Amino acid sequence: MPEGKQEMTAERNHERDRPTRDIGPQWLQFQSAHAAHGYQPVCGGGRAANDDEPAELSYQDSHVGKASGSNEQGDGTRSGSPRRIIICADDFGMNTAIDEGILALARKRRLSAVGCMTHAPAFQQDARRLAQLDVDAGVHLNFTEALGQPGLYLPLSQLIARSYARTLDVPRLARQIERQLDAFEAAMGRRPDFIDGHQHVHQLPQIRDALLQTIARRYGADAPWVRCSAPGRQAGLPAALRWKARVIGALGAYRFGRAAAAAGLRTNRRLLGVYDFQGGSAAYAALVPLWLENMRDGDLLMCHPAMPYPGDTDMAAQRGAEFQVLNDAGFAEALLRKGLRVARMLPGDDQASMTLRVKASR
């Protein structure tokens, strides 16, 4: 396919403002297609497919993002210190309502990281305002949302299936990663603080290899940190949400974490914030305390807030609901009650360790 054309189906155009919402059904669809082509089920049969993930997807304590030599208690807290966590808002640049919501929360220090879709409609106009704030700004790599741009964009289930079958065009992957990094640096005037993936695509086979090679070639020792999407503790969360978090972890998170550690890259410890993007502010307000209770030192809570805006999808309303909860004074008070401090990642001499700058939650 020529470089100027998009690998994009019409059905995907209806999902422009959606993060990884239907990962469970997509995972099952991918498993069926994967098996139909003669491949073993991923993480099935008691072992990992292609040595990609552990067969047991339950919570594991060890992780490359854990601070080396730390005096850590059972809940991940350093003795006498608050648990330091990253709160990261995804999809900056997708539209002005998302950008305004994220900027407002960042100014109130409710966030410490912002993932940018650098070819999205509003990114160029709002990037400079983001650059002035005390947050980590990163590239939210995109291979599923065309957003009017040429390139390699596929529905998530197809991208997963083709990445595991190793049929994606690797040079095209690398060029698309480079273009999104170029756009960030042109707008922000510096390299990104971190890199992750829209719908967690950065951890998929082929994409993760292209990304890690690009980081090494482009940044060397001054490399951004990268997101690990392996699930954090899930105590008290509904079974369906625990399942979804584990599926996301199974789709390359552990292999990506090991590869990042081998490359000397820093990562967050674990990921929380996975849910079904339904239920409005009441449902989200009920989940937030559970995530906060489960968070350990160095974990990352992802979110997708926006100012209220008209939209023909449930996700538009749910983004507004997330903003409402995170913007409320009760959220800052919950952080304090649970001994949590919102923090940025900082470079350290030990590139395999977690280094955080603590910031006030108010």
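Every read-out reported here was derived from the displayed coordinates using simple, explicitly stated rules and does not represent laboratory data. The structure displayed is predicted, hence computed values, not measured ones. Note that we place each Cβ from the backbone using ideal geometry, even for glycine, and neighbour counts take in every protein chain shown.
Counting other beta carbons within 10 Å of each residue's own, what order do Ile86, Ile102, Ile177 fall into, fewest first?
Final ranking by Cβ density, sparse to dense: Ile177, Ile86, Ile102.
Modelling each spin label as a point 7 Å along the Cα-to-Cβ direction, I'd like the Asp314/Arg190 distance in nm, to one decimal.
Simple spin-label model gives 4.0 nm for this pair.
Near Pro305, within a Cβ-to-Cβ distance under 11 Å, what is the net charge of the other residues, with Lys and Arg +1 and Asp and Glu -1?
-3
Would you please give the residues with an amide H less than 5 Å from that of Asp91, counting only those at least 5 places away or on a separate chain, with H modeled from the backbone geometry?
Distant-sequence amide H within range of Asp91: Gly115, Met117.
How large is ³J(HN,Hα), in whole Hz, for each residue of region 251-260 in order, when computed from phi with the Karplus curve 6.51 cos²θ - 1.76 cosθ + 1.60 and θ = phi - 60°, using x for Gly and Pro?
3J(HN,Hα) across region 251-260, in whole Hz: 8, x, 5, 6, 5, 4, x, 5, 5, 5.
What is the order of Arg208, Arg227, Arg109, fewest Cβ neighbours within 10 Å to most?
The order, fewest Cβ neighbours first, is Arg109, Arg208, Arg227.
So how do Arg166, Arg179 line up by other beta-carbon neighbours within 10 Å, fewest first?
With the sparsest Cβ surroundings first, the list reads Arg166, Arg179.
Using the Kirkwood formula on the Cα atoms of region 81-358, what hydrodynamic radius do you get, in angstrom to one decimal?
For region 81-358, inverting the mean 1/r across all distinct Cα pairs yields 18.7 Å.
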